[in-house]
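Okay, structure first, notes after.
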């Protein structure tokens, strides 16, 4: 079965289709795939997204309405504060034994009438003062003696509330009221002296709430912690009178959003507390109404999708034809390729097609030049190979010559010459390292020993060299010619300016975790020849390929270490306890590309 599908796939791929057709099929497949994925995502998330958006909109509408009602509540609080600050009222309350109580009543009534003369915020204002001679309760007056209310539960609850404003709901068969009451304080004694009572017609709130719709049938209403205020008698609101989620969960918080079921229908409830009034603004809406909007959007989307599937292939065909026309023409020209024969570039085009034609012509010019260069290079290569073979003879001839000198010196028993020539031969052998850039610490130590043997012929016992190398590090890879330039600097710059001086060179190698440190330290005068900062700056200078071979030195060592081991490794100088300089090579045991 697998072989069948494999053969079928090869047949389809090998079938001769035009570039235009392949582009068109590719475009259509890509668009259908993208639209299918997008459609699936839309259908999967549309209901949930619309529900969340609708939930946010409902919550925002309830919040806006609660802010409007909170503004009204703040206005009521301000009116009460205005009465508290009224100088005429304070004067009467601060002098309760005044004999002119009829004048006092007139002043107090005028003060009550002045705070809301057009009755826009409340229907009536009443003031209860501790004056036994004030009139009894009467509908025609607004100022009463508090002695008439001493046994009234409402009055006692206000007295026991301290300086808090009390909000209460009074439902009557024909009317509902919100009663706001608060004690007024004697500004001299700081004792409560009177109680102000404002009666607010519930119709004020109902006029705001009854016209608010959430989706199609959702409503907004007021409630206390245990009683719904449904003055406009909406059936949906009446169904929530004993709802446990609303009264036992939501109204315990300042703001909450919950879902509940009413007659097997899922509803969204949103509640906001109205400051410290004990009142809550609640919104209730059928969740299914959110999905109805989603169905409409889905139908619109499907209609647009079908239209796109009809129009897009036509548009893509025209576009692909325009694109592939000039490419097809170029392909025909390339089939009939002629050496050094440029083709005409399409006029009026400044896009990639123009660049393709231009590049083709440039390619032909390059091919022509390459053919000429190849012929020239072939001749040069022959000469180069002859020179390379000749150069290979040089180190071989040098080794043979040194060995011949050593044999002749041994014949005449010239041991110094034998030792010198042998050390020189070993020095050159390790320096060249068979053309390899990478050596080992062991080979570098041998190289240093050959070099110091030669130098001792010149300087005698003016210096000594000591080695302290951990045995496990002898086969560690390191750049060739890393240690010899450092030892050479110790001898030339550290000891070369001193007379009657015994120099000491210590070479140590040790390992810390995956890092290896090789220290070359001396007791010379190098620190007096060049400053430490200047020396480290010289080490860190950039490599210059035009630098004369005579100036090959420590900066070259540093650059090669960084090249092979990484930029965090290299060479640095410091002053040591012997009074001289210490050169520290920092490398790693981790593998690297050599």
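Structure notes:
- Given (1) surrounded by 15 or more Cβ atoms within 10 Å (Cβ to Cβ); (2) over 44 Å from the mean Cα position of the chain (by Cα); (3) modelled with pLDDT of 80 or more; (4) not in a strand (DSSP E or B), index of the condition residue 577 fails: (1)
- Selection from region 247-269 of residues that are in contact (Cβ under 8 Å) with a residue 24 or more places away in the chain and in a loop (DSSP other than H, G, I, E, B): 263
- Residue check for residue 163: out of contact with any strand residue (DSSP E or B) (no Cβ under 6 Å at 6 or more places or on another chain), at pLDDT below 80, closer than 30 Å to residue 226 by Cβ and surrounded by fewer than 13 Cβ atoms within 10 Å (Cβ to Cβ): no
- Those strands (runs of 3 or more DSSP E) of region 127-246 in which at least 1 residues are under 50 Å from the mean Cα position of the chain (by Cα), considering only elements entirely within it, cover 219-223.
The values are calculated or read from the model by the stated rules, or taken from the named source; none is laboratory data. The structure presented is a predicted model; accordingly, all values stated were derived computationally and were not measured. Counting neighbours? That spans all protein chains shown, and the Cβs are built from the backbone with ideal geometry, glycine included.
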